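Each remark here refers to the structure printed beneath this line.
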Amino acid sequence: MTLGQFMLRNQVIKQYREFLRTAQRLPDKKQSQEIVEWVRSDYKQNRSIPNSEEEQIKALLYQGEKMLKELKQNVDLALA
């Protein structure tokens, strides 16, 4: 694994943890659990992407950032 691949891997793990932390902040525990299950299944599905496919991983990270931002906004609205 190259340094770039290692750093991408760390970004993926960081994003995954941030999704889980954000979902757990939801006041509705059923909804929170559904989001956690969705995130886990999505990341498991993409686990098979080889480290050498850096562009595909970067694209998924970018898409994930947009979704995470939206989730954070929804959680903030639910807590307001």
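Out of the range 14-51, which residues are out of contact with any Ser or Thr (no Cβ under 8 Å at 6 or more places or on another chain), of a type in the set (A, V, I, L, M, F, W, C) and within 21 Å of Val75 (Cα to Cα)?
Result: Phe19, Leu20, Ile35, Val36, Trp38, Val39.
For Tyr62, all conditions in the list (1) farther than 17 Å from Lys72 by Cα; (2) surrounded by fewer than 16 Cβ atoms within 10 Å (Cβ to Cβ) hold save one; what is the number of the exception?
Going through (1) farther than 17 Å from Lys72 by Cα; (2) surrounded by fewer than 16 Cβ atoms within 10 Å (Cβ to Cβ) one by one, Tyr62 breaks only (1).
Could you check, for the range 14-21, whether at least one of its residues is within 16 Å of Lys66 (Cβ to Cβ), surrounded by 11 or more Cβ atoms within 10 Å (Cβ to Cβ) and among the acidic types (Asp, Glu)?
The answer is yes; a qualifying residue exists.
Only one of (1) out of contact with any Phe, Trp or Tyr (no Cβ under 8 Å at 6 or more places or on another chain); (2) at pLDDT 95 or above fails for Tyr43. Which number is that?
(1)
The values are calculated or read from the model by the stated rules, or taken from the named source; none is laboratory data. Predicted model only: the values in this text are computed from it and were never measured. Every residue, glycine as well, gets a Cβ built from its backbone with ideal geometry; the counts of neighbours run over all protein chains shown.
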